[in-house]
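The values are calculated or read from the model by the stated rules, or taken from the named source; none is laboratory data. Note that this is a predicted model, so its numbers are computed, not measured. Cβ sites come from the backbone with ideal geometry, for glycine too, and all protein chains shown count toward neighbours. Just so you know, the surface numbers come from the protein's heavy atoms only, side chains and all, with ligands and any DNA or RNA stripped out. Shrake-Rupley method; radii C 1.70, N 1.55, O 1.52, S 1.80 Å.
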Amino acid sequence: MTQLLEARGLGVSYRLGRRWLPALREFNLRLDSGQIIGIVGESGSGKSTAALALMRYLSANGRIDGGELRFLGEDMLAMGAADLRRLWARRIKLVPQNAGAALNPSIRVGPQVAEALKAAKGIASAKASQQVIAGFSDVNLVDPQQVVERYPHELSGGMQQRVAIAMALICQPSLLVLDEPTTGLDVTTEAVILDLLRALIVGRGAGVLYITHNLGVVAQLCQRVVVLYAGEIMEEAPVAQLFASPRHPYTLGLLSSLPKPGQRKAQSRLQTIHGNPPDLRSMGQGCVFAERCPLAIEMCRTQKPPLEEVEPGRLTRCFRWADVAFPAARGAPMQAVALANVDEAGQVVMRTEQLARHFPVPRDLDDMLRGRKPQPIRAVDGVSLRLRQGQTLGLVGESGSGKTTLARIVIGLEARSGGRLELFGADIQGGLRARRHDLLSQVQMVFQNPQNSLNPYRSVRQTLRRPLVKLRGLSTQAADDQARQLLEAVNLRADYADRYPDELSGGEKQRVAIARAFAAQPSLVICDEPVSALDVSVQSAVLNLLADLQAEHGSACLFISHNLSVVGYLADVIAVMYLGQIVEIASADALFRAPSHPYTEALLAAIPAPDPSQRNERIRLADDLPSAQNLPGGCRFHTRCPRNIGEICAREAPPWRETGPGQGIRCHIPLDELAVLQAGAS
């Protein structure tokens, strides 16, 4: 094994106004060829700063304050700009989080990758084009000869990410830096890309830095883990040892925040890390984690603990690392949520019958010349669901399955093309403007990205006051009083009322968005991927908050996500959606047991388990989701189905088979045969 990269005592600062703020301190790392090291931590912990500093690719307001940095024995801190450019072109490659933003939208992806190859290898254009096609085949892009001619916007998110990976790997780099490369992807696409990365890295012997807040990915992919917090290394260890027995309270807090398989809100609340990371402008003298640490003592607040080797190959920065190993440090299970009673004979809050939303496609020149009418996009195509008071219905599926379109129909932002929608027993006709005033207050929505759903020019007080005045008819003074109570309910201090969105963290913005949704005291709350972009510690706090508020108000909740672990914790019933149809409905407990629809089976198998000793059975959906405009005949899932039984799947639409009261799957395979197949795979 060759030592690729070594950092000793590395420090990084960013200029803010006239001040330089230390973002990374005393950072040490050694990476060998063929090794994958994960760097984990909450947002703002310094993960991306560390990765860019190790490449010497900091932004203009960043600087390396000191320390040593060597790549293949060469001093990178002594390299000039020209040397660094040659290094980036040939030996060190970065795969960013958002490949769509990193690719040039005005250039076809084939020439973009060929340009990178020519810069690194100096080869002719014709040979570069051939190698690009071969590189696209290596990353499992279907029909690479066609893909090279497409623009980035013509590719799905998973395809864009594979193009970015191909662009990095085609130059055969020695070091690959992956900065959250699968965070925005579906769990099925993520699983395929992780398998691909593992195979390519092992085959080529490159060293890899993998930056993420997804502990499941780290457990399944990495050999060692570096845990960062507020710019300092808290712990470093082999992945199996770190997950089995962490030696720092922060690592323990991150691992404890994850929903455990089978854990339900009725059994226990999720563990959380209380408080917020420190402000870089006012760092204390002691341990940077002391104010949030349940084990902190006085010396933790006045003295900075050293990063010491506590076991062979294990480093930790904690005075009380020995106490972390005892079970008592893990804390007692948190109290279960006081659940609202879900009466199976109670009021049906939402009912859909064969609900549909088809988007017409305008004719292009070829359609006009041939005299044909293009097929519409069948985003939602015959969905029947029922949601009762106090119940949480989870809706899962890949991007493009129709989940968000269904939610927009229910909230009134999209008009339906067919079928029936009932809210609180009333037949809903028309769009949002046609709805009664009381319905507007009874149905509220929490969006995926609070940054886009909060008005940047309104303070938190103004944001919360608006629905209280408009929908509940409160006076300004009464609305301000209620706004303070709402902030308390979502665990934010009263002084947050005077802050603006850009003064809040991602988790704080989402809490404000949730408070706004519950301000109108709704009977139905629709949550569209509300925690998908949040750190695990913030995610657990938001999930607890949603469960608490739902229990307090007795609201029904439609919870949309592609994360089955999160949905399994919060939901009572789960519906699985694929290409506009519901392919399975089951209770949360039953869904995780066979028999289940083959699509659900693939979703479950794709979840990266946060346990290095656990390996899911490999069921990978290699192809991308088919177009909702050109739907496959027969069973819509048959083109990707690992249980495809032949012609009947391609020819006939599958029947709906009951698996229990109000539960069923849409599949040709008899339930007893499906149970045998899935039992043999487990």
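Miscellaneous remarks
- Residue within region 253-276 that is more than 25 Å from the chain's Cα centre (by Cα) and either hydrophobic (A, V, I, L, M, F, W, C) or within 20 Å of S540 (Cβ to Cβ) (or both) present: no
- Test: residue in region 216-226 that is in a helix (DSSP H, G or I) and without any contact (Cβ under 8 Å) to a residue 40 or more places away in the chain: no
- Residue among V142, V147 that alone is free of Cβ contacts under 8 Å to residues at least 40 places away in the same chain, over 30 Å from F71 (Cβ atoms) and either among the β-branched types (V, I, T) or surrounded by 16 or more Cβ atoms within 10 Å (Cβ to Cβ) (or both): V147
- Per-region count, region 467-488, residues surrounded by fewer than 18 Cβ atoms within 10 Å (Cβ to Cβ) and touching a residue at least 40 places away in the same chain (Cβ under 8 Å): 1
- Qualifying residues in region 102-132 (those that are of a type outside the set (K, R) and open to solvent by 80 Å² or more (accessible area, probe 1.4 Å)) - the one nearest to the chain's Cα centre (by Cα): P105
- Helices (runs of 4 or more DSSP H) contained in region 344-453 and holding at least 1 residues among the aliphatic types (A, V, I, L, M): 365-370, 403-411, 437-442
- The combined condition, being in contact with a Pro (Cβ under 6 Å, 6 or more places away or on another chain) and touching a residue at least 40 places away in the same chain (Cβ under 8 Å), is not fulfilled by P608.
- Conditions (1) over 29 Å from R86 (Cβ atoms); (2) open to solvent by 10 Å² or more (accessible area, probe 1.4 Å); (3) under 20 Å from the mean Cα position of the chain (by Cα); (4) of a type outside the set (K, R); number of the one not met by H153: (3)
- Taking the numbered list (1) over 25 Å from S137 (Cα atoms); (2) of a type outside the set (K, R); (3) surrounded by fewer than 17 Cβ atoms within 10 Å (Cβ to Cβ) in turn, P612 passes all entries but (3).
- In region 34-45, the qualifying residues are those that are crowded, with 24+ Cβ neighbours inside 10 Å and at pLDDT 90 or above, and the one that is farthest from P277 (Cα to Cα) is G38.
- Checking each residue in region 152-161 for being assigned to a helix (DSSP H, G or I), at pLDDT below 85 and either among the acidic types (D, E) or closer than 14 Å to V142 by Cβ (or both) picks out G158, M159.
- Single residue of S523, S540, S555 found to be of a type in the set (S, T, Y), in contact (Cβ under 8 Å) with a residue 12 or more places away in the chain, buried (at least 19 other Cβ atoms within 10 Å of the Cβ) and under 30 Å from A605 (Cβ atoms): S540
- Filtering region 568-585 for residues that are farther than 30 Å from N630 by Cβ, open to solvent by 10 Å² or more (accessible area, probe 1.4 Å) and part of a helix (DSSP H, G or I) leaves an empty set.
- For region 364-390, the set of residues classified as touching a helix residue (DSSP H, G or I) at 6+ places or on another chain (Cβ under 8 Å) and loosely packed, with under 15 Cβ neighbours inside 10 Å consists of K373, P374, listed by residue number.
- When A78 is tested against (1) open to solvent by less than 30 Å² (accessible area, probe 1.4 Å); (2) closer than 16 Å to E6 by Cα, just one condition goes unmet, and that condition is (1).
- Residue match in region 628-636 (condition: assigned to a loop (DSSP other than H, G, I, E, B), touching a Pro at 6+ places or on another chain (Cβ under 6 Å), modelled with pLDDT of 90 or more and closer than 23 Å to I193 by Cα): no
- Summed over region 454-504, residues that are closer than 28 Å to A533 by Cα and not in a helix (DSSP H, G or I) total 13.
- Criterion (open to solvent by less than 20 Å² (accessible area, probe 1.4 Å), in contact (Cβ under 8 Å) with a residue 60 or more places away in the chain and in contact with a helix residue (DSSP H, G or I) (Cβ under 6 Å, 6 or more places away or on another chain)) met by exactly one of T182, T188: T188
- Condition check for A571: over 30 Å from G38 (Cβ atoms), touching a strand residue (DSSP E or B) at 6+ places or on another chain (Cβ under 9 Å), outside the structural domain of V239 (by TED's automatic domain parsing) and of a type outside the set (K, R): no
- Scanning region 264-274 for residues that are over 15 Å from G41 (Cα atoms) and touching a Leu at 6+ places or on another chain (Cβ under 8 Å) yields K265, A266, L270.
A quick yes/no check of all residues on (1) modelled with pLDDT of 95 or more; (2) in contact with a Lys or Arg (Cβ under 9 Å, 6 or more places away or on another chain); (3) surrounded by fewer than 21 Cβ atoms within 10 Å (Cβ to Cβ):
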| position | (1), (2), (3) |
| --- | --- |
| V208 | no, no, no |
| A219 | no, no, no |
| I233 | yes, yes, no |
| A237 | yes, yes, no |
| H248 | yes, yes, no |
| L254 | no, no, no |
| P259 | no, no, no |
| Q263 | no, no, yes |
| A266 | no, no, yes |
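Here's the yes/no breakdown for (1) on the phi < 0 side of the Ramachandran plot; (2) free of Cβ contacts under 8 Å to residues at least 60 places away in the same chain; (3) open to solvent by less than 30 Å² (accessible area, probe 1.4 Å); (4) not in a loop (DSSP other than H, G, I, E, B):
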residue: P278; (1), (2), (3), (4): yes, yes, no, no
residue: R281; (1), (2), (3), (4): yes, no, no, yes
residue: Q285; (1), (2), (3), (4): yes, yes, no, no
residue: V288; (1), (2), (3), (4): yes, yes, yes, no
residue: P294; (1), (2), (3), (4): yes, yes, no, no
residue: P305; (1), (2), (3), (4): yes, yes, yes, no
residue: E309; (1), (2), (3), (4): yes, yes, no, yes
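- Any hit, region 439-457, residues being modelled with pLDDT under 90, aliphatic (A, V, I, L, M) and farther than 30 Å from S45 by Cβ: yes
- Some residue of region 654-664 being at pLDDT below 90 and in contact with a Leu (Cβ under 8 Å, 6 or more places away or on another chain): yes
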